[in-house]
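Have a look at the structure below before the remarks.
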Amino acid sequence: MGTDVRTLGQGATALVIAAIAFGAGLLGDASHVAAGTTNYEWDGVPTIWRSGIWFPFVLSGSVVLAAWLSERSGSPPARRRSRADAATGVAAVVALYAVTALMRGEPATVSVVLVGALAVVIWSWWDPSPGALALACGAAVLGPLFEIGVVELGASSYADDSDGLGGVAPWLPCLYFAAGAVASRLWSAVQRDGA
Amino acid sequence: MGTDVRTLGQGATALVIAAIAFGAGLLGDASHVAAGTTNYEWDGVPTIWRSGIWFPFVLSGSVVLAAWLSERSGSPPARRRSRADAATGVAAVVALYAVTALMRGEPATVSVVLVGALAVVIWSWWDPSPGALALACGAAVLGPLFEIGVVELGASSYADDSDGLGGVAPWLPCLYFAAGAVASRLWSAVQRDGA
Amino acid sequence: MGTDVRTLGQGATALVIAAIAFGAGLLGDASHVAAGTTNYEWDGVPTIWRSGIWFPFVLSGSVVLAAWLSERSGSPPARRRSRADAATGVAAVVALYAVTALMRGEPATVSVVLVGALAVVIWSWWDPSPGALALACGAAVLGPLFEIGVVELGASSYADDSDGLGGVAPWLPCLYFAAGAVASRLWSAVQRDGA
């Protein structure tokens, strides 16, 4: 059990969270592209690995903003989270991201129940507080709305068997719910380690 | 960390557990029906969502009874469980339920090892006590026996690729094991919240 | 919460760990053989269940050696693990083993991200210490190298859709990483129970 407490400054905390979200987003999105769940439609856009260059930056910026807003809101966490917990939480969200890449051809009922139940496992383990729940619900609404906009613009598309929610996948709100839940206490977990 | 302890009466506790089990059963069973894992065979029976009307009531009553018997037995828990833990535990069982809906066409060896190992993860995390193990094993025997009876009566059936255990799925005891394990301390977790 | 501390001798600890690894290896390997992920190629070799007779002995001996070396190294654990935790950890590795048996036909990107993220979840939950990380990384290198040798010898083979890493599966290092992580504190968890 770490007994020393190492603390990062605000800028360093933001940079670490940005880097984590950047990497996690690339890993998850590559799973979606490899499985054919999503396609990037604009030819001229440069790519990083399998993602359009804008994707990891938008995701990374959103996660940093969400984590910072949650920290500033002062809503009390139900559990104090360490850097090791943050590794578990982020890896769990990446794993859930990859699970959604297995959902092609599955009935929406199955995929939504599975991804939704796993998202509740992640939230209620990570931080079963009203503040984390609010951020998770906000992400579950705003994330898919943003992606519906991206699909409308023609920049990307979901596969025919995975576009039942206004052009995006029906399980997408559940995946954003889990990501929002973990983002909710990521700032303090990254900033201050220790028991 | 909740410091106040809110306590429910016996009737309210039973009602909350009944409602949770009712909802969880509907979600899981809908996954099975959507995947074609199970079929309801009697035409005249009213349905709730995708389940025969009797299913969620039988399940709900059984879970309340199991939770109450476990509470009354006085067998000591290995871990004290909060309402947040209960959310994690119930969501984990629903997720496992949905995982079984993905097992069509998989060899029985794969599905039984996967669902069985995940059931042990759930039990040993939730409450690795002899009392919880006994209830989990009881559920693993009685649940599939009841379903074998239902299939014999012709009220429902499992898909041809998922009926290797006397007409029901070979992984079914593992799913009941996990549900029984979580039922074992659900009463006290729901009744008394707090640290 | 167990308050008594029951302690095993060194020999008994080694035997218990050997038995656990033997059983876990048979369960996981049977999943691979049943799914067609791996095949045993030499006809004359006796089998235990679905494994060539040498497999569970090599695995079991390696796990005992790894657990003992980790215990002897004196590297401090980040978390104290009980026997109940060991049940969770071993079951999680067996579940991950069975998950890899579902990966036939999946793109390597999806399977590696999924199995890798779950392996990080297991390591960072079980013991997020540098010592456990070192053993996990060692296992992730040595395990697949050994299996590549076995494939080269012609004793076994991976399916055509699962042999992209020098003849073995691309997710194999991730599975060994998880197994090595849990092996790292298995000795003390098995030897001394209690709070």
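Confirm whether residue A:128 is more than 13 Å from the chain's Cα centre (by Cα), within 12 Å of chain B (Cβ to nearest Cβ), touching a residue at least 24 places away in the same chain (Cβ under 8 Å) and surrounded by fewer than 24 Cβ atoms within 10 Å (Cβ to Cβ).
Yes: the conditions hold for residue A:128.
Just for the stretch C:104-114: of the residues that are of a type in the set (Val, Ile, Thr) and out of contact with any Leu (no Cβ under 6 Å at 6 or more places or on another chain), which one is farthest from the other protein chains (Cβ to nearest Cβ)?
Once the filter is applied, the top-ranked residue is C:112.
Restricting to the stretch B:131-151, name every residue that is away from every other protein chain (no Cβ under 13 Å), under 13 Å from residue B:177 (Cβ atoms) and out of contact with any Cys (no Cβ under 9 Å at 6 or more places or on another chain).
B:134, B:135, B:137, B:138, B:139, B:141, B:142, B:143, B:144
Could you check residue B:170 against (1) touching a residue at least 60 places away in the same chain (Cβ under 8 Å); (2) more than 14 Å from chain C (Cβ to nearest Cβ) and say which number it fails?
Unmet for residue B:170, out of (1) touching a residue at least 60 places away in the same chain (Cβ under 8 Å); (2) more than 14 Å from chain C (Cβ to nearest Cβ): (2).
Mind checking which residues of the stretch A:41-57 are surrounded by 18 or more Cβ atoms within 10 Å (Cβ to Cβ) and away from chain C (no Cβ under 14 Å)?
Listed by number, the residues that qualify are A:52, A:55, A:56.
Does residue A:98 satisfy the condition of being touching a Gly at 6+ places or on another chain (Cβ under 7 Å) and closer than 18 Å to residue A:122 by Cβ?
yes
May I ask you to say which residue of B:30, B:78, B:12 is aliphatic (A, V, I, L, M) and within 14 Å of chain A (Cβ to nearest Cβ)?
B:30
Starting from the stretch A:103-122, keep only residues that are in contact (Cβ under 8 Å) with a residue 24 or more places away in the chain, then list their pairs with residues that are among the charged types (D, E, K, R) and buried (at least 20 other Cβ atoms within 10 Å of the Cβ) whose Cβ atoms are within a distance under 8 Å, requiring at least 6 positions of separation or different chains.
Hits for this filter: zero, empty list.
So how many residues does the stretch B:136-175 have that are in a loop (DSSP other than H, G, I, E, B) and among the aromatic types (Phe, Trp, Tyr)?
Total satisfying the criteria: 1.
Which residue pairs have Cβ atoms closer than 9 Å, lie 6 or more positions apart in sequence or on different chains, and pair a first residue in the stretch A:12-24 that is more than 17 Å from residue A:49 (Cα to Cα) with a second residue that is assigned to a helix (DSSP H, G or I) and among the charged types (D, E, K, R)?
A:13/A:71
For residue C:43, indicate whether it is more than 17 Å from residue C:189 (Cα to Cα), among the acidic types (Asp, Glu) and modelled with pLDDT of 95 or more.
Criteria not met by residue C:43.
Report, by residue number, each residue of the stretch B:23-38 that is part of a helix (DSSP H, G or I) and either of a type in the set (S, T, N, Q) or under 23 Å from residue B:154 (Cα atoms) (or both).
B:25, B:26, B:27, B:28, B:29, B:30, B:31, B:32, B:33, B:34, B:35 - these are the residues of the stretch B:23-38 that are part of a helix (DSSP H, G or I) and either of a type in the set (S, T, N, Q) or under 23 Å from residue B:154 (Cα atoms) (or both).
Which of the following residues is buried (at least 17 other Cβ atoms within 10 Å of the Cβ), within 12 Å of the chain's Cα centre (by Cα), facing chain A (nearest Cβ under 9 Å) and small (Gly, Ala, Ser): B:66, B:101, B:86, B:92?
Going through B:66, B:101, B:86, B:92 in turn, the sole match is B:92.
The values are calculated or read from the model by the stated rules, or taken from the named source; none is laboratory data. Note that this is a predicted model, so its numbers are computed, not measured. Glycine also receives a Cβ, built like all others from the backbone with ideal geometry; neighbour counts cover every protein chain displayed.
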